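The values are calculated or read from the model by the stated rules, or taken from the named source; none is laboratory data. In this text the structure is predicted, and so the values were computed from the model without any measurement. Backbone-built Cβ (ideal geometry, glycine too); neighbour counts: all protein chains shown.
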Amino acid sequence: MDLLTWVRALFALLATLALIGLLAYGARRLNMLQGVVKRARRLKITESLMIDPRRRLVVVRFDDREHLLLLSPTGDRALSEGAAKNEPVEPEQ
């Protein structure tokens, strides 16, 4: 390959990268890259406790309810359900 072919290939690469950069800049200026609006999460793991290496107790908060789940390899089971208490405020350290 001669020098002219290399220069032509390099110029084509630079032109392609410049076009991609210009498109990204234009999309950013027109607010086309904002993505999906984030909503508040409704599901939260409040607490978790390992009973043994194969079983775990998990308190799951969903809206204004809390569920106590037993997770194990043989199957998952809901043990209890109740109204959620207010989350305690952790003291700052």
Checking Leu43 against (1) among the aliphatic types (A, V, I, L, M); (2) surrounded by fewer than 11 Cβ atoms within 10 Å (Cβ to Cβ); (3) more than 18 Å from the chain's Cα centre (by Cα), the condition it does not meet: (3)
Residues satisfying the stated conditions in region 39-73, i.e. under 14 Å from Ala84 (Cβ atoms), of a type outside the set (A, V, I, L, M, F, W, C) and modelled with pLDDT of 90 or more: Lys44, Thr46, Glu47, Arg61, Arg65, Glu66, His67
